[in-house]
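Novice: To start, I am sharing the structure in question, which I have written as structure tokens.
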Amino acid sequence: MFLMGLDIGSSACKSAIFTLEGDPISIQTLEYSMSHPQPGWCELDPKEVWSRLRESVKKSIRASNVKPEDIVGISISSQGEAVIPVDGYGEWLYPAIHAFDNRTTHQCEWWERNLGRLKIFKITGQPLHPMYSINKIMWMRGNRPSIFRRTRKFLCFEDYIIFKLTGKFATDYSIASRTMAFDIVKKGWSNEMLSVANLSEEILPDPLPSGKAVGEVNSVSARETGLKKGTIVSTGGHDQACGALGVGAVQSGPTMDATGTVECLAVASEKPHLDRRTLSSNYPCYCHVKDDMYIMLAWNPTAGSLLRWIRDQFCEKEMDQVKKVSKSAYDLMTERAKSSPLGSSGLYVLPYFMGSGTPTFNPDARGAMLGLTISHTKADIIRAVLEGITYDLKQNIELLESYGLKISSLKAIGGGARSEFWLKLKADITGKKVELPNIGESAVLGAAILAGVGTKIFSNVHTAIKKIYKRKRIYYPNERNQPIYEYRYRTYKEIYPTLSPIFKKF
């Protein structure tokens with residue numbers, strides 16, 4: 001028997017087949033395009049996403065040599081917030097308005113006047129922001145009224161794929177949380193949010209716990225995907241929550257640290273943190289894919305993307321070397337960074353090249369390099385970039401811990417986890433042990449685990465994790481390096497408050 005996990009990302013989808021021990025048999029990734037019909041608008045074509053996903057499912061089955069009838073369950077990890085209006089037949093009526101889309105600024109201002117940030121946060125756990133689905137639904141009503149009138153359901157991508165596979169309208173608590181219309185304490189659509197917005201609960205799918213069997217693959221989707229008709233489909237979850245499940249971060253302490261284009265910290269908690277302090281730090285709090293657990297996110301929008309910028313602008317030599325050696329440009333860059341002394345010869349980088357993430361969440365923030373002299377080298381700059389991103393990570397860890405959350409270790413995934421140098425750096429700067437899981441595709445693995453729970457192969461997620469999760473290596477903080485980094489970190493924390501008034505002038 002095998003389990004299948006699907007992942008619907010911002011620009012690509014994945015289909016993966018796993019053994020019941022969590023070993024990947026086949027992982028297939030296909031990309032799709034994002035359109036920008038107007039400045040600041042971001043849309044995805046649901047037809048293209050479904051087409052690419054079903055093709056990835058076919059490819060994963062072919063590549064694995066697994067018989068479709070041996071795949072006993074499917075579940076979905078998905079991006080949140082993006083919303084798709086569908087008619088009574090489940091046909092989409094308008095492109096999915098993506099999380100990155102900023103057309104709903106006026107809706108946010110309306111919420112500020114009519115309910116207020118703190119009240120919204122106490123109900124939904126989401127700091128008021130244009131990204132959330134309820135704002136997009138309200139925009140649709142005001143700006144595309146004919147489509148709004150024809151819409152039977154507004155679906156996020158997990159919900160849409162569940163419908164395409166089974167014909168059922170369902171979502172899970174973690175994705176529902178990302179709409180800003182869900183009461184994360186009562187675990188149901190919020191009467192107050194919907195009443196204030198003058199929206200009916202009938203236009204939303206049924207919310208269920210993650211890992212709940214919701215239906216079976218129907219004959220149409222079986223033909224289109226190569227799956228066997230009758231295969232059980234279970235509710236999945238938000239990609240960050242599924243990623244945390246895939247690395248075993250479903251209880252207080254172990255914490256997922258995903259370093260890709262963005263760095264995201266996902267912290268599990270037994271209770272929701274819904275006070276003024278967490279709101280002031282812009283930490284979203286929502287339902288985890290583990291029953292009765294919550295998850296809080298901290299992030300920096302400029303992590304791997306900053307390293308990529310350094311590569312493209314300053315590392316032509318490393319790019320040329322890639323053709324001669326079996327290493328990536330990033331490997332060569334981090335090797336060069338090793339030659340810079342601890343502390344990058346006094347150089348600091350403020351890693352806000354795309355604005356700041358949590359806790360300040362300032363779109364006007366800008367990146368900065370401080371302390372430059374003509375004696376600094378490329379190695380110093382690369383190392384300072386890695387140190388700056390990691391100081392920012394430490395700042396979020398420090399603040400979250402001050403709010404009562406427990407972070408005992410970091411479970412590293414994403415492109416940044418491929419660098420041993422960076423993993424050691426994270427351990428030294430944060431003072432936390434850094435654990436490297438055996439598999440980096442944790443979101444799609446988390447979805448497969450939920451498929452196993454939904455089919456009763458696993459009695460619960462803890463049973464599944466004990467059987468499936470494997471670690472490759474642990475990196476411990478170097479006691480000699482920690483005091484030096486602690487001193488430099490205290491200086492780093494002074495940079496943003498000092499430069500913040502200048503950013504407003506930019």
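Novice: Take the residues of region 360-371 that are among the hydrophobic types (A, V, I, L, M, F, W, C) and in contact (Cβ under 8 Å) with a residue 60 or more places away in the chain: which is surrounded by the most Cβ atoms within 10 Å (Cβ to Cβ)?
Specialist: Among residues in region 360-371 that are among the hydrophobic types (A, V, I, L, M, F, W, C) and in contact (Cβ under 8 Å) with a residue 60 or more places away in the chain, the one surrounded by the most Cβ atoms within 10 Å (Cβ to Cβ) is Ala365.
Novice: Looking at region 372-487, what helices (runs of 4 or more DSSP H) fall wholly within it and have at least 2 residues that are under 20 Å from the mean Cα position of the chain (by Cα), basic (Lys, Arg) and crowded, with 20+ Cβ neighbours inside 10 Å? Write out each step before concluding.
Specialist: Working: elements: 378-402, 420-430, 442-454, 461-468.
Those helices (runs of 4 or more DSSP H) do not exist here; none qualify.
Novice: Given (1) within 20 Å of Ile449 (Cα to Cα); (2) open to solvent by less than 10 Å² (accessible area, probe 1.4 Å), where does Tyr294 come up short, assuming only one miss?
Specialist: (2)
Novice: Scan region 333-359 residue by residue and report those that are among the hydroxyl-bearing types (Ser, Thr, Tyr), surrounded by 18 or more Cβ atoms within 10 Å (Cβ to Cβ) and assigned to a loop (DSSP other than H, G, I, E, B).
Specialist: Across region 333-359, the qualifying residues are Ser340, Tyr352, Ser356, Thr358.
Novice: Picking from Ala451, Ala447, Ala412, Ala417, which residue would you name as being within 30 Å of Phe2 (Cβ to Cβ), modelled with pLDDT under 95 and in contact with a Ser or Thr (Cβ under 8 Å, 6 or more places away or on another chain)?
Specialist: Selected residue: Ala417, the only one of Ala451, Ala447, Ala412, Ala417 that is within 30 Å of Phe2 (Cβ to Cβ), modelled with pLDDT under 95 and in contact with a Ser or Thr (Cβ under 8 Å, 6 or more places away or on another chain).
Novice: Quick check on my filter: what residues within region 276-311 are in a loop (DSSP other than H, G, I, E, B) and closer than 17 Å to Tyr403 by Cα? Give the derivation first.
Specialist: Applying the first criterion (in a loop (DSSP other than H, G, I, E, B)) to region 276-311 yields 281-284, 288-293, 301-303.
Scanning region 276-311 gives Ser281, Asn282, Tyr283, Pro284, Met293.
Novice: Evaluate region 376-390: report whether one residue or more is touching a strand residue (DSSP E or B) at 6+ places or on another chain (Cβ under 7 Å) and modelled with pLDDT under 95.
Specialist: Among the residues of region 376-390, not one is touching a strand residue (DSSP E or B) at 6+ places or on another chain (Cβ under 7 Å) and modelled with pLDDT under 95, which makes the answer no.
Novice: Turning to a different aspect of this structure: So which residues in region 267-307 are charged (D, E, K, R) and under 15 Å from Ile184 (Cα atoms)?
Specialist: Let us first name the residues in region 267-307 that are charged (D, E, K, R), namely 270-271, 275-277, 290-292.
Listed by number, the residues that qualify are Glu270, Lys271, Asp275, Lys290, Asp291, Asp292.
Novice: Among what's in region 52-78 and is open to solvent by less than 10 Å² (accessible area, probe 1.4 Å) and polar (S, T, N, Q), pick the residue that is nearest to Val444 (Cα to Cα). Break it down into steps so the answer makes sense when it comes.
Specialist: Here is the first cut: in region 52-78, the ones open to solvent by less than 10 Å² (accessible area, probe 1.4 Å) are 53, 56-57, 60, 71, 73-78.
This time we only want the ones that are polar (S, T, N, Q), so: 56, 60, 75, 77-78.
Values: Ser56: 13, Ser60: 13, Ser75: 9, Ser77: 6, Ser78: 9 Å.
Here the answer is Ser77.
Novice: Here's a follow-up. Looking at Thr390, Thr360, can you tell me which residue is in contact with a Leu (Cβ under 7 Å, 6 or more places away or on another chain) and among the hydroxyl-bearing types (Ser, Thr, Tyr)? Can you show your working first?
Specialist: Numbers: Thr360 fails: in contact with a Leu (Cβ under 7 Å, 6 or more places away or on another chain).
Sole residue among the options that is in contact with a Leu (Cβ under 7 Å, 6 or more places away or on another chain) and among the hydroxyl-bearing types (Ser, Thr, Tyr): Thr390.
Novice: Which one of these does Glu48 not meet: (1) modelled with pLDDT of 95 or more; (2) in a loop (DSSP other than H, G, I, E, B)?
Specialist: So Glu48 meets the others, but not (2).
Novice: Something else: Looking only at region 494-506, how many residues end up being in a helix (DSSP H, G or I), in contact (Cβ under 8 Å) with a residue 60 or more places away in the chain and loosely packed, with under 13 Cβ neighbours inside 10 Å?
Specialist: Kept after step one, since they are in a helix (DSSP H, G or I), are these residues of region 494-506: 494-505.
With the extra rule that they be in contact (Cβ under 8 Å) with a residue 60 or more places away in the chain, the set shrinks to 495-496, 499-500, 503-504.
If we keep only those that are loosely packed, with under 13 Cβ neighbours inside 10 Å as well, we get 504.
Final tally of qualifying residues: 1.
Novice: Residues that are modelled with pLDDT of 95 or more and surrounded by 20 or more Cβ atoms within 10 Å (Cβ to Cβ): which helices (runs of 4 or more DSSP H) entirely in region 141-222 hold 2 or more of them?
Specialist: On the way: elements: 145-150, 157-166, 173-177, 191-197.
Qualifying helices (runs of 4 or more DSSP H): 157-166, 173-177, 191-197.
One line per residue, one yes/no per condition, for (1) assigned to a strand (DSSP E or B); (2) under 25 Å from Gly440 (Cα atoms):
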position: Ala241; (1), (2): no, yes
position: Leu245; (1), (2): no, yes
position: Pro254; (1), (2): yes, yes
position: Thr261; (1), (2): no, yes
position: Leu274; (1), (2): no, no
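Novice: For residues in region 102-138 being within 19 Å of Pro272 (Cα to Cα) and among the charged types (D, E, K, R), which is surrounded by the fewest Cβ atoms within 10 Å (Cβ to Cβ)?
Specialist: Lys119
Novice: Now, a different point. Mind listing whichever residues of region 1-12 are at pLDDT below 95 and either among the polar types (S, T, N, Q) or in a strand (DSSP E or B) (or both)?
Specialist: So the first thing to find is which residues in region 1-12 are at pLDDT below 95, and the list is 1, 9-12.
Scanning region 1-12 gives Ser10, Ser11, Ala12.
Novice: Among (1) assigned to a strand (DSSP E or B); (2) among the hydrophobic types (A, V, I, L, M, F, W, C); (3) open to solvent by 10 Å² or more (accessible area, probe 1.4 Å); (4) out of contact with any Asp or Glu (no Cβ under 8 Å at 6 or more places or on another chain), which single condition is Val325 missing?
Specialist: It is condition (1) that Val325 fails.
The values are calculated or read from the model by the stated rules, or taken from the named source; none is laboratory data. A quick note: this is a predicted structure, and the numbers were derived from the prediction, not measured. We place every Cβ from the backbone using ideal geometry, glycine too, and count neighbours over all the protein chains shown. For the accessible areas, the whole protein counts, side chains as well, though only heavy atoms, and no ligand, DNA or RNA atoms are used. Shrake-Rupley method; radii C 1.70, N 1.55, O 1.52, S 1.80 Å.
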